[in-house]
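In what follows, a single structure is set out as structure tokens and then discussed.
Each reported figure results from applying straightforward, stated rules to the coordinates on display, with no laboratory input. Remember, it's a predicted structure, so these values are computed and weren't measured experimentally. Cβ sites come from the backbone with ideal geometry, for glycine too, and all protein chains shown count toward neighbours.
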């Protein structure tokens, strides 16, 4: 429950204070780099699903493409810094790099597919 409240607070902040034109220009469906950049941003940060729901909704309402939000969620849920720290104790560097690359690739592919399906 606290994560949902945190996400609602961040979502409310985005909805109330972040200008729509900034989000739509940087991460809207017209920017072809929005999806991979969102996946790159998502990979190092830790995003719980219940936190991301209100944040993602606020970002979409402000003009961020559905694909970019999806890439952000997949990146954050799939390979965050805390998770990579734990995995580095059991994976070799090469396998850890392949893991991050796979999560990033899945986020980008899913994001572009979502954008194609929502046009």
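Structural remarks
- Considered as a group, the residues in the stretch 42-52 that are outside any loop (DSSP other than H, G, I, E, B) and buried (at least 16 other Cβ atoms within 10 Å of the Cβ) include one that is nearest to the chain's Cα centre (by Cα), and that residue is 42.
- Any hit, the stretch 74-86, residues being assigned to a loop (DSSP other than H, G, I, E, B) and either surrounded by 14 or more Cβ atoms within 10 Å (Cβ to Cβ) or in contact (Cβ under 8 Å) with a residue 24 or more places away in the chain (or both): yes
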